[in-house]
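Here is the structure we will look at.
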Amino acid sequence: MLRKLIQSFTVIISSTVLIGLSSAPSFANQITSKGQGNQLIIASKISAIHKFEFSSVHLSVKRDAAHPYSSANHHMKAHVANIPLGQQIADFAQKYLNAPYVWGGSSPQGFDCSGFTKYIYSHFGIYLPRTASGQTELGTYVKESNLQPGDLVFFDTDGSGISHVGIYIGNGNFISAASVDVCISSLNSGYWASCYVTARHIS
């Protein structure tokens, strides 16, 4: 049973991008493993030990205090393969539908637009600037016709430049913290279509 579990585990790790792990390229090298209860302790060639706790949904990556790795993110989650990262971001963002809007807010107790996107992306080990305009400087440009779930979409709502940001979730819709609460809106609506400026793919 343990042999089959290790084989399955190795396939998942080899096909999963561990965002925020600076030495991730070498992590997919040959690794050694041993069982310990419901955990596997993985010793890789980067001289770090990572504990992966199994569940039916995801693998949680935790830093071992005795063997810290060089990463700013110590709470990464390696999700099961076959779900694109962008879709994971879009799905996670929708868990906060109807969370209240609070100017300057960046937590579930209250978000503003850029605080919301920053909070959602940080869950996946991706750290965005605090302002909507600052977030336009990351990633790569995406045409509106090529948007994918998880892409950031930007708007000029007051004529002064980038002033609003949301996360594209598919089917022409995006989610954002807008004026009252976190809500889903259509890019094709008259108001948002007229304010739309650009989009960025963050990876």
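Bear in mind that the values in this text are calculations on the coordinates, not laboratory data. Note that the structure is a prediction, hence the values are computed from the model and not measured. Note: ideal-geometry Cβ built from the backbone for every residue, glycine included; neighbour counts use all protein chains shown.
Take each peptide in 127-139, 186-198, count the other Cβ atoms within 10 Å of every residue, and average; sorted highest first, the result is 127-139, 186-198. Scoring 150-158, 97-105, 112-120 by mean Cβ neighbours within 10 Å over their residues and listing the highest first yields 112-120, 150-158, 97-105.
If you put +1 on each Lys and Arg Cβ and -1 on each Asp and Glu Cβ, how big is the dipole of segment 91-181 around its Cα centre, in Debye rounded to 20?
200
Give the percent of DSSP beta bridges with both residues in segment 81-203 that are antiparallel, rounded to the nearest 5. Approximately 95 percent, going by the DSSP bridge assignments. The modelled label-to-label distance between Tyr127 and Asp156, using points 7 Å beyond Cα along the C-beta direction, is 3.1 nm.
One decimal place: the segment Tyr96-Ala193 gains 32.6 nm when fully extended, by the rule 0.36 nm per residue minus the C-alpha distance.
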